[in-house]
Amino acid sequence: MTELSSLTIDSTTQKPRISSTDNPPSSPPHISIGVTTAVEAGSTETPVNKIKKITVLPLVFLIFYEVSGGPFGIEDSVNAAGPLLAIVGFIVFPFIWSIPEALITAEMGTMFPENGGYVVWVSSALGPYWGFQQGWVKWLSGVIDNALYPILFLDYLQSGVPVLGSGIPRVAAILVLTVALTYVNYRGLSIVGVAAVLLGVFSILPFVVMSFMSIPKLKPSRWLVVSKKTKGVKWSLYLNTLFWNLNYWDSISTLSGEVENPSKTLPRALFYALLLVVLSYIFPVLTGTGAIPLDQNLWTDGYFANIGKVIGGAWLGWWIQAAAATSNMGMFLAEMSSDSFQLLGMAERGMLPQVFAKRSRYGTPWVGILFSASGVILLSWLSFQEIVAAENFLYCFGMILEFIAFVRLRMKYPAASRPFKIPVGVLGSILMCIPPTVLIGVIMAFTNLKVAAVSLAAIVIGLVLQPCLKQVEKKGWLKFSTSSHLPNLME
């Protein structure tokens with residue numbers, strides 16, 4: 001008896017393809033998505049089955065650093081809107097954005113447990129052209145984001161080492177820091193995971209201490225203040241700050257192929273990381289706004305160190321300042337990992353030249369790491385506000401494609417195996433995507449013309465780049481292939 005038993009993704013077109021095999025009469029029909037592979041031996045330098053996989057704890061902290069890294073950078077929410085809206089924002093915003101994005105990442109990441117992540121999701125739903133566009137804008141958004149962290153690291157050290165404030169010493173410090181952290185990524189994802197755990201604990205602990213020490217000084221009435229500024233709420237700064245500090249949950253999907261037992265590990269890690277991120281924002285804001293009198297203009301980057309000095313003394317202020325600096329190192333490491341493994345995943349799917357699929361003897365995608373590090377150095381001249389706005393715009397474009405892919409796969413392949421499935425039907429999936437999509441529209445509407453023009457130009461480059469790469473492949477100028485080690489994507 002011949003029954004429908006598998007739904008595969010063609011290795012050249014990336015489009016789902018139905019195939020049939022003979023099942024035993026007692027075996028019920030099922031749908032699965034697999035991959036047809038045709039790669040030459042030696043496309044990777046390290047056997048994939050010998051690479052050490054990531055477990056729950058380091059994965060939690062990698063997600064923590066992909067999304068947050070602690071409350072450093074949320075000060076602008078109070079500056080823009082006052083304590084009340086800042087507190088409400090970090091309570092309500094996760095329900096509108098973070099939870100839906102994390103749930104979709106858990107479902108799709110376990111459905112497609114490979115390093116292409118969201119690129120594969122969009123490819124299976126909309127075809128390889130749009131999958132490439134997803135990869136392009138997400139990678140570019142990630143690199144722009146990563147260009148920020150060496151700058152912030154030096155900003156936090158600047159008060160103690162004034163020479164790092166400008167000129168050649170600052171440029172040299174950015175280059176040295178970028179090279180050093182890039183080398184850590186090169187040495188292995190397991191090392192990055194351990195570093196993320198250690199840096200995360202060091203970054204979170206001072207705020208736990210500060211929260212307890214602030215209890216006698218808290219005045220809840222201070223939490224009810226809306227913006228005192230004459231011009232009212234700065235909505236663009238407020239929304240961009242919330243969005244920047246609560247997005248990127250899907251970035252961990254590009255490391256799915258490096259996770260041990262992803263069908264169970266990924267959803268659990270996302271849940272624990274979500275709690276960690278939200279709590280690491282709410283308590284410091286409650287502490288900082290409730291324990292000392294409000295001066296809204298002082299709430300800018302680095303202000304938590306001053307709050308620590310007022311509440312606990314100089315030692316706590318210095319601890320918070322050191323935690324802020326090291327947190328930026330953790331965010332750089334996590335972002336670099338997801339960006340470089342995304343390029344590896346795209347190469348393994350034949351979207352990029354085969355050289356991007358090569359691994360070092362430590363199992364890391366060394367070409368992708370170098371490529372991403374070069375982008376970081378080239379973009380490090382941008383200002384903080386421009387970086388946040390530009391990456392948010394590009395990220396929004398990519399998220400729209402993800403939402404469409406999520407709903408489309410629910411509609412096209414409702415019986416497909418999903419190790420973790422959000423307990424809603426097609427209608428529920430659509431309804432779940434509406435609030436974050438509306439938010440995307442609002443964020444993009446507040447983007448200034450300069451940032452919008454640059455971001456749209458970047459998107460247009462991606463639209464042209466994919467056909468150009470196809471011509472390069474057709475002419476045989478560079479080698480493209482689909483890696484043979486890719487497992488069945490859905491069973």
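The values are calculated or read from the model by the stated rules, or taken from the named source; none is laboratory data. Everything numeric here is computed off the predicted structure, so don't read it as measured data. Neighbour counts run over all protein chains shown; Cβ positions are idealised from the backbone, glycine included. Surface areas here come from the heavy atoms of the whole protein model, side chains and all, with no ligands, DNA or RNA. Shrake-Rupley method; radii C 1.70, N 1.55, O 1.52, S 1.80 Å.
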Inset, instruction - Report Rg (one decimal) and Dmax (nearest whole number) for the stretch 253-334, counting Cα atoms only, units Å. - result: 16.9, 49
Inset, instruction - Kindly sort 186, 272, 281, 156 by accessible area of their heavy atoms, largest first, with the probe set to 1.4 Å. - result: 272, 186, 156, 281
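Indicate the gyration tensor shape class of the stretch 375-485 (rounded, prolate or oblate), computed on the Cα atoms with a ≥ b ≥ c the square roots of the eigenvalues: a/c under 1.5 is rounded; otherwise a/b larger than b/c is prolate and the rest oblate. Working shown, then result.
Working: a/c = 2.38, a/b = 1.12, b/c = 2.13.
Oblate, because a/c is 1.5 or more while a/b does not exceed b/c.
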Inset, instruction - Determine, for each peptide in 113-123, 204-214, the mean count of other beta carbons within 10 angstrom over its residues, then list the peptides with the highest first. - result: 113-123, 204-214
Legend entry - Farthest toward positive dipole pole in the stretch 187-288 [+1 Lys/Arg, -1 Asp/Glu at C-beta], among 246, 223, 262: 223
Inset, instruction - Let me know the charge dipole size of the chain about its Cα centre in debye, to the nearest 20, where only the beta-carbon of Lys, Arg (+1) and Asp, Glu (-1) is charged. - result: 280
Inset, instruction - Keeping all protein chains in position, work out how much accessible area residue 132 exposes to a 1.4 Å probe, and write it in Å² to the nearest 10. - result: 10
Inset, instruction - Whenever you get a sec, line up 124, 263 from highest to lowest accessible area (probe 1.4 Å, protein heavy atoms). - result: 263, 124
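My understanding is that a pair violates if its Cα-Cα distance is over 23 Å; which of 450/470; 138/264; 229/309; 138/450 do that in this structure?
450/470; 138/264; 229/309
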Legend entry - Positive-end extreme of charge dipole, the chain - chosen from 232, 469, 103 (charges on Cβ): 232
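Count the net charge of all other residues whose Cβ sits under 14 Å from the Cβ of residue 162, scoring Lys and Arg as +1 and Asp and Glu as -1.
Values: positive: 170; negative: 155.
Every neighbour counted, the sum reads 0.
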Inset, instruction - Quote the charge dipole size of the stretch 406-491 about the Cα centre in Debye, to the nearest 20; the model charges only the Cβ of Lys and Arg (+1) and of Asp and Glu (-1). - result: 180
Legend entry - Approximate spin-label separation residue 95-residue 434, in nm, with each point projected 7 Å along Cα-to-Cβ: 1.6
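Give me the one-decimal Kirkwood hydrodynamic radius in Å for the stretch 346-426, with the sum taken over alpha-carbon pairs. It would help to have the intermediate numbers written out before the result.
Working: mean 1/r = 0.0609 Å⁻¹.
Value: 16.4 Å, from the Cα pair sum.
Below 8 Å between Cα atoms, with a sequence gap of 6+, how large is the relative contact order for the chain in percent? Spell out each step's value before the answer.
Values: 857 pairs, mean separation 156.6, N = 491.
It comes to 32 percent, rounded to a whole number.
Please work out whether the stretch 293-411 counts as rounded, prolate or oblate from its C-alpha gyration tensor, where a ≥ b ≥ c are the square roots of the eigenvalues and a/c under 1.5 means rounded, while otherwise a/b larger than b/c means prolate and anything else oblate? Can you show the working numbers first?
Details: a/c = 2.64, a/b = 1.76, b/c = 1.51.
Verdict is prolate for the stretch 293-411.
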Inset, instruction - Apply 1/(1 + (r/R0)^6) to the Cβ-Cβ distance of residue 271 and residue 300, taking R0 = 25 Å, and write down the FRET efficiency to the nearest 0.05. - result: 0.15
Legend entry - Cα lying deepest toward the dipole's positive end in the chain, options 407, 458, 440, charges on Cβ: 440
Inset, instruction - When a/c is below 1.5 the answer is rounded, else prolate if a/b is larger than b/c, else oblate, so apply that to the stretch 397-438 with a ≥ b ≥ c taken from the square roots of the Cα gyration tensor eigenvalues. - result: prolate
Legend entry - Per-residue SASA entry for residue 301, accessible area with 1.4 Å probe, Å² rounded to 10: 60
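Got a sec? What order do 239, 378 fall in by accessible area at 1.4 Å, biggest, i.e. largest, first? Write out the running numbers ahead of the final one.
Values: 239 25, 378 125 Å².
Accessible-area ranking of 239, 378, largest first: 378, 239.
With an 8 Å Cα cut-off and a minimum separation of 6 or more residues, compute the relative contact order for the stretch 150-221 in percent.
In percent, rounded to a whole number, it is 17.
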